[in-house]
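First up is the structure itself, then whatever we jot down about it.
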Amino acid sequence: MTEVLDLDCVVVGGGVVGLAVARELAMSGREVVLLEAEPMTGSITSARNSEVIHAGLYYATGSLKAELCVAGKHKLYEYCRERSVPHKACGKLVVASSEEELGYLEKLSRQAEANGVEDCYLIDAAELTRRQPRIRGFAALVSPSTGIIDSHSLMQAYITDIEANGGAIVCNSPVIEGELAADKIRLSVGGRDPVKIEAGLVVNAAGLNAWALSEKLLGLDVSTIPPRHYAKGCYFALTGRAPATQLIYPVPEPGGLGVHLTLDLAGQARFGPDVEWVETIDYDVDPRRADKFYSAIRRYWPDLENGALQPAYSGIRPKIAGPVSGGGGDFVLQGPEKTGHPAYIALYGIESPGLTASLAIGQSVARLAGKAFAGNPH
Ligand SMILES: Cc1cc2nc3c(=O)[nH]c(=O)nc-3n(C[C@H](O)[C@H](O)[C@H](O)COP(=O)(O)OP(=O)(O)OC[C@H]3O[C@@H](n4cnc5c(N)ncnc54)[C@H](O)[C@@H]3O)c2cc1C
């Protein structure tokens, strides 16, 4: 007969967000077990992104994205300094290619300020050329507090904190299904060593799979599960020297931030991600998408040579809003009041800026868990 383990907190999903949540819960004194389906943590969306520390410019003021990005950015820089996580506050330029787009930049600048990002300022074309001689534009918005980070070192630091505070991380452990009991949740875990668990708190941090996981919890009110949309983003790597020393963004497109230039910590350039609405998960990068990349990039880097782009990798954004509604949508953090069960917390739509916001999301979830615990002494 399969053994039933009685646990305090179970976090399902070992991406950067699940790890940050488990870290915060472990540090607040809870017994935490994190279950990860894959052989290693951080191998899905958390390994397939731009590794940018976002400043918090774009998100609607008052949204969770705005609030948690700005708070998370400050916490993240501090954490990186304390824990020697490789990162660089290299800054970014959002480039307007026409007078019309300048109007957008002015709006973005006001939006940033309203979100508590107070260091942004506009520069004209001459100043843009002086700073980045190979980049062309009508004007640019400078965001000094945007940066880049080694996300795998960050996740390793979170893992160290989880384990130092008594938490456990178990890979190869997919949660297959579950059932809501009066004040607990029963989970069936598959993999090499299947096990049944009873937990006083379950946090669903399963990323792209968060919706499917909730659907497999018997007794959950399915009307609490938001709509699910996937937006794939492909990247192309640049062969040769990067055209700029800072991140270069165009004005955004629906569903994404536009095909931008990001740099890794070694100074290597890549471009992306674009936006393709998909139904299924498939990470292939179609080389034919390069055509659109060349034209998008040449708007701000006209000298990009033919043949300089190579297909690199892709990621898929988990979203609660699709193309019909403009592809926006906020993060959804459902505590027990919203999920309707005292032991269930569910996170949906944790797309960008989830990496930047991870520490702040961890703290928010720990607060929700505190409330759950007060009403549900396990
Ligand atoms: C193209 C792209 C670019 C991005 N760029 C940036 C950026 O520059 N800056 C930024 O701040 N953010 C960025 N993001 C967002 C960021 O990558 C995500 O918000 C973050 O990685 C989400 O982490 P997560 O832990 O929620 O999800 P994931 O990393 O997807 O982790 C979820 C984990 O759950 C596991 N899992 C799923 N189902 C189960 C189950 N049933 N049982 C057990 N485990 C399960 C999965 O295996 C996975 O490891 C980007 C995202 C994309 C797609």
(request) Would you check if Gly307 is in the same structural domain as Ile185 (by TED's automatic domain parsing) and out of contact with any Lys or Arg (no Cβ under 9 Å at 6 or more places or on another chain)? (result) no
(message) So Asn49 passes all but one of these: (1) more than 9 Å from the ligand (Cβ to nearest atom); (2) farther than 15 Å from Asp161 by Cα. Which condition number does it fail?
(response) (1)
(request) Determine, yes or no, whether Arg30 is of a type in the set (D, E, K, R), more than 10 Å from the ligand (Cβ to nearest atom) and at pLDDT 95 or above. (result) yes
(message) Would you confirm whether or not segment 190-206 contains a residue that is at pLDDT below 95, surrounded by 16 or more Cβ atoms within 10 Å (Cβ to Cβ) and either within 12 Å of the ligand (Cβ to nearest atom) or not hydroxyl-bearing (Ser, Thr, Tyr) (or both)?
(response) yes
(message) in the same structural domain as Ala369 (by TED's automatic domain parsing), more than 15 Å from the ligand (Cβ to nearest atom) and either surrounded by fewer than 20 Cβ atoms within 10 Å (Cβ to Cβ) or at positive phi (or both): is that true of Glu337 in this structure?
(response) yes
(message) If I filter segment 91-100 for residues that are in a helix (DSSP H, G or I) and buried (at least 20 other Cβ atoms within 10 Å of the Cβ), do I get at least one hit?
(response) no
(request) Mind listing whichever residues of segment 1-55 are over 11 Å from the mean Cα position of the chain (by Cα), of a type in the set (Ser, Thr, Tyr) and part of a helix (DSSP H, G or I)? (result) none
(message) When the residues of segment 165-176 are narrowed to those that are surrounded by fewer than 22 Cβ atoms within 10 Å (Cβ to Cβ) and within 25 Å of the chain's Cα centre (by Cα), which ends up nearest to the ligand (Cβ to nearest atom)?
(response) Pro174
(request) Tell me, please, whether a residue that is at pLDDT 95 or above and not charged (D, E, K, R) can be found in segment 324-332. (result) yes
(message) Within segment 227-248, take every residue that is part of a loop (DSSP other than H, G, I, E, B) and within 30 Å of Ser325 (Cβ to Cβ) and give me the one that is farthest from the ligand (Cβ to nearest atom).
(response) Pro227
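The values are calculated or read from the model by the stated rules, or taken from the named source; none is laboratory data. What you are looking at is a predicted structure, and each value in this text was computed from that prediction instead of being measured. Every residue, glycine as well, gets a Cβ built from its backbone with ideal geometry; the counts of neighbours run over all protein chains shown.
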